Structure formats: structure tokens, C-alpha cells
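To keep things clear, I will list the structure first and then write my remarks on it.
Derivation of every value follows stated rules applied to the coordinates shown; laboratory data play no part. Predicted, not measured: the structure shown is a model, and the values here were computed from it. Positions of Cβ are backbone-derived with ideal geometry, glycine not excepted, and every protein chain shown enters the neighbour counts.
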Amino acid sequence: MLVLGIETSCDETGASVVSDGAEILSNTVASSLEFHKRYGGIVPEIATRYHVEVINYVIKDALKKAKIKLDDIDLIAVTYGPGLVGSLLVGISFAKSLSYSLNLPLIGVNHLWSHIYSGLVGERNIEFPFIGLVISGGHTSLVFCEDIGKFKLLGQTKDDAVGEAFDKVAKVLGLGYPGGPVIERIAQDGDPNSIGFKPTYLDDGSYDFSFSGIKTAVLYYIRTSPNTPRLRRKKSLNKRLKSDIAASFQKAVFDSLVEKSIDSCKSKGTGSLVVGGGVSANKYFRAILTKAGSENGIDVVFPPFELSLDNAAMVAALGYSLFKKGVKSDLNLTAEPNLGV
Ligand code: KG4
Ligand code: ZN
């Protein structure tokens, strides 16, 4: 069965053809990221307009790379939330038009579920139940995954998402947008134990997170640091100090994620932890979580790097599995920007 996946929840326009939910025949992604950079974050209006301009080409490219024609498609899967409403509506409208004109079944896919599912595409055979961890620019959620489509939220961030905290700290350090990749890069030259940043630990027995405090701590550290006079003179942080701040910030954030993820696996008695979302591309995080997993007998699964960021292959693959379970959408499908797990 050939599934065409469409993803337009944020700034990436994605289309992908996946065969039988396992073999990725094509995975095309176009991004409007460069048009947002000067504003220091995603501008929804720009993202929406870009989707409208490129979606036709992105879908054509995905079909061409998969060496198939539109007529060969058996199912259309599209992200319907959560995300930016204008962006979502572009993908949904396109998917509905294709479904109607080609008389093909349509299925709306939850973006958070598809991030979790990105680690399962292909040959990966993970047994349910497992714990899913979504870490992206908009979400930080721990999810108990009982079966396909039977996902229960265990905990989430009370304020900033992890990726959002990376983006804000990068801004404070004058590193531009998006913050994740550049913080990861400069952190390699820094000492993660040099500054004692701590994320807020919510000691309420929950699996919730909080990352806005640490972002403020970074800001205050820069303002009050003994290096401040030098900063004023130089008008910029010296390179070494930036790397130490990046490394210490990254460590503090990831330590709390590792701790709660491993704890949730233990308390739910699951042997697998599946991680997805843009922040899962971070190699330092991959290393420390995998180590913590092996010390606790937990198999930690990450998506291949190309499926960490937003893409449509994860949408097509999950769409296939949901369809096999009898799930279907109709032409009333609409955007649900605040859709939860
Ligand atoms: O999943 P995604 O592509 O879009 C959303 O659904 O939000 O995630 C984007 C987020 C951004 O905040 C970006 O800074 C972060 O993922 N990110 C990273 C890395 N690569 C991207 N964060 C930490 N380390 C990275 N290597
Ligand atoms: Zn995403």
C-alpha cells in the first residue's frame, strides 16, 4: 500500500511516499527557515505563504523521487494538529482536494504521535507498551504508548518547550535562530560543569517539566557575571564563556529529561523509550540518554537524524498503521492547532 504523507504544521513543507508503512520511497522537505531568521523566530504569516507557494512542487518532487504517479497512491495522510493554524490548513486543504479528486481515503495524523512514531519507521520492531518522549520547538511531553493510537499523556512542560528554551538562550547569546544546532556545536568546546544552572524540578511527583527558569538564569548569569565589565568593553561575550554557558545550560536541561524519562519507564514497567522531535537530533543528548538507558536495562530508540526534524515520512508511516486499525477521516477534517496527545 502506497501512502502519500503531507506535513505543514510549522515552517517545513514535507511530502513523502511510504510503502506499507515501512519503506520510505521518498521524503522531500522544503523549509522557510531562512525567511524567519531575521525575526528570531517563526512568523506564522510567512510560514503559511511559503507552504502555499511550494506545496505543489514538494508533492511533485516526492512522487518523482518515489518513481510513482499520483494514480498509484492508495491513501493520503496529513498532519491536522498541533501546529500553526494557517500552516496546517494549507496541508489539510491540499490533502482533502487530492482525496476528493482521486477518490482516495484520507487520514488526519497527530503531529506529536508522528514524532514518536518516527523512531519506529522501517524495520524497528518495538513492543507495546513503551514510553514516548516528544522534544521539539513547541512540545516537551512524556507519553505512555499502549498501542497504535492509544497514547496517554504522563507529563509535559508547564512553560517553555525544550527547543524553545534552546532558541531563547541562543538569542540571548547572540547566536541566531534556530538555537538547538548552534548551542550543541559551541557546547562541544565548553565545560558542562562550569556553571551550575538547574532546571526547575517540580517535586510534585508528576512527570511535568519547567524550562523557563533556566532561560532566565542564563540571562541573569550574563548580566551579573564577573565577565560583565569585559562584556561591556567588548560588546560581546568571549567565545570560551559562550561555550561554557551553552554546555552548562544543555547539560542541566538534558539531565532533567533523562531523569524523568528513565523514572517513567521504571514506574510503568516498560523496557523501551522512544524519542522524537527536533531536539532528538542532539548527539550529546543521544549519548547520555542511551547510556542511562543501558544502565537501567531500557532500550532507547531514536529516529534516524533525517526523521528527527519535521518531515512527512513519519506522517505517512503512522497514517498507514492507523488506517490498518480502521481509523479514517472525512472531508470535514480541519486544523486543530492545540491538539494534545
Ligand atoms: O520538531 P521540530 O522540527 O519542530 C517542531 O515541531 O517544533 O523542532 C524544532 C526545534 C527547534 O526549537 C530547534 O532549536 C530544536 O528543535 N533543535 C535542536 C537541535 N536541532 C533542532 N535542539 C537541540 N539540539 C539540536 N541539535
Ligand atoms: Zn515537530
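Would you work out the relative contact order for segment 117-170, in percent, from Cα pairs under 8 angstrom that are 6 or more residues apart? Don't skip to the answer; put the middle values down first.
Numbers: 75 pairs, mean separation 15.4, N = 54.
This gives 29 percent for segment 117-170.
Classify segment 41-144 from the C-alpha gyration tensor, please: rounded if a/c falls under 1.5, else prolate or oblate depending on whether a/b exceeds b/c. Please report the intermediate quantities before stating the final value.
On the way: a/c = 2.02, a/b = 1.23, b/c = 1.64.
Judged from the Cα gyration tensor, segment 41-144 comes out oblate (a/c at least 1.5, b/c at or above a/b).
Rounded to the nearest 5, what is the percent of antiparallel bridges among the DSSP beta bridges in segment 60-189?
Bridges in segment 60-189 that DSSP calls antiparallel: roughly 70 percent.
Would you mind getting me the FRET efficiency between Y57 and D263? Use the beta-carbon distance for r and R0 = 41 Å, nearest 0.05. Before the final figure, lay out each step's value.
Numbers: r = 45 Å, r/R0 = 1.11.
Efficiency, rounded to the nearest 0.05: 0.35.
If you build a Gaussian network model of the chain, linking Cα atoms that sit under 10 Å apart, which residue out of S261, S248, S194 swings the most?
Evaluated over the chain, the most mobile residue of the options is S194.
Of all the stretches in the chain, which is the longest one without any exposed loop site, taking GluC sites (Glu not before Pro) in a DSSP loop (any state but H, G, I, E, B) with at most 14 other Cβ atoms within 10 Å? Mind showing how you got there, number by number?
On the way: sites that count: E123, E127.
Longest run free of exposed loop sites: 128-341.
Whose amide H sits under 5 Å from the amide H of G277, counting only residues 5 or more places off or on another chain, with H placed in the peptide plane?
Amide H to amide H, under 5 Å and 5 or more residues apart or across chains, G277 pairs with I135.
Across segment 137-146, in residue order, what do the Karplus-derived ³J(HN,Hα) couplings come to in whole Hz, using 6.51 cos²θ - 1.76 cosθ + 1.60 with θ = phi - 60° and x for Gly and Pro?
Once θ is set to phi - 60°, the couplings for segment 137-146 become x, x, 9, 9, 9, 9, 10, 8, 9, 7 Hz.
Considering Cα pairs under 8 angstrom that are at least six residues apart, work out the relative contact order of the chain and quote it in whole percent.
On the way: 750 pairs, mean separation 88.2, N = 341.
About 26 percent, as a whole number.
Kindly express, to the nearest 10 degrees and within the range 0 to 90, the angle between helix 44-65's C-alpha long axis and the longest C-alpha principal axis of the chain.
In the chain, helix 44-65 runs at an angle near 50 degrees to the longest axis.
Here are some pairs, K152/K325; K198/K291; K152/K291; which of them have Cα atoms lying more than 23 Å apart in this structure? Walk me through the intermediate numbers first.
Details: K152/K325 18 Å; K198/K291 21 Å; K152/K291 26 Å.
Going by Cα-Cα distance, K152/K291 fall outside the 23 Å limit.
Once you list every other residue whose beta carbon is under 11 Å from the beta carbon of L88, what net charge do they have if Lys and Arg are +1 and Asp and Glu are -1? Walk me through the numbers before you get to the answer.
On the way: positive: none; negative: E7, E336.
Cβ neighbours under 11 Å give a net charge of -2.
For the chain, find the longest principal axis of its Cα atoms and tell me its angle to the long axis of helix 283-295, 0 to 90°, nearest 10.
Tilt of helix 283-295: around 90 degrees.
With a ≥ b ≥ c the root eigenvalues of the C-alpha gyration tensor of segment 101-142, is it rounded (a/c under 1.5), prolate (a/b larger than b/c) or oblate? Kindly include the intermediate steps, with their values, before the conclusion.
Numbers: a/c = 2.78, a/b = 1.44, b/c = 1.92.
Here segment 101-142 falls in the oblate category.
What translational D, rounded to a whole number of µm²/s, comes out for segment 205-341 from Stokes-Einstein when the hydrodynamic radius is the Kirkwood one over Cα pairs, at 20 °C and 1.002 mPa s?
Details: Rh = 18.6 Å.
The estimated diffusion coefficient comes to 115 µm²/s.
Enter the per residue convex hull volume of the chain, computed from alpha-carbon coordinates, in Å³ rounded to the nearest integer. If you can, show how the numbers build up before the last one.
Numbers: hull volume 42.9 nm³, N = 341.
Roughly 126 Å³ of hull volume per residue.
Return the single residue from Q156, Q188, Q250 with maximal mean-square fluctuation; model: Gaussian network over the chain, springs between Cα atoms under 10 Å.
Highest fluctuation of the listed residues: Q188.
Mind checking the full-extension length gain between D189 and L202? Use 0.36 nm per residue of separation minus the Cα-Cα distance, one decimal, nm.
Values: separation 13, 0.36 × 13 = 4.68 nm, distance 3.06 nm.
Between D189 and L202, full extension yields an extra 1.6 nm.
By how many degrees, 0 to 90 and rounded to 10, does the Cα axis of helix 239-268 deviate from the longest principal axis of the chain?
Taking the Cα atoms of the chain, the angle to 239-268 is about 60 degrees.
At 0.36 nm per residue, minus the direct Cα-Cα distance, what do K158 and D299 gain on full extension? Give it in nm, one decimal, please. Numbers along the way, then the final one.
Working: separation 141, 0.36 × 141 = 50.76 nm, distance 2.74 nm.
Working it through step by step, the gained length comes to 48.0 nm.
Which one, H139, H36, H115, has the greatest fluctuation when you compute a Gaussian network model over the chain with C-alpha springs under 10 angstrom?
H36
Please report Y220, Y177 as a ranked list, fewest other C-beta atoms within 10 angstrom at the top and most at the bottom.
On the way: Y220 9, Y177 18.
Final ranking by Cβ density, sparse to dense: Y220, Y177.
Would you mind checking the pairs K215/K268; K168/K242; K168/K266; K150/K266; K37/K242; K266/K328 and listing those with alpha carbons more than 24 angstrom apart? Walk me through the numbers on the way to the answer.
Values: K215/K268 31 Å; K168/K242 14 Å; K168/K266 32 Å; K150/K266 20 Å; K37/K242 20 Å; K266/K328 34 Å.
Flagged as over cut-off: K215/K268; K168/K266; K266/K328.
For a quick check: sort D147, D310 by the number of other beta carbons within 10 angstrom, fewest at the front. Numbers along the way, then the final one.
On the way: D147 10, D310 27.
Final ranking by Cβ density, sparse to dense: D147, D310.
How many percent of DSSP beta bridges within the chain run antiparallel, rounded to 5?
Numbers: 27 of 44 bridges.
If I count the DSSP bridges inside the chain, around 60 percent turn out antiparallel.
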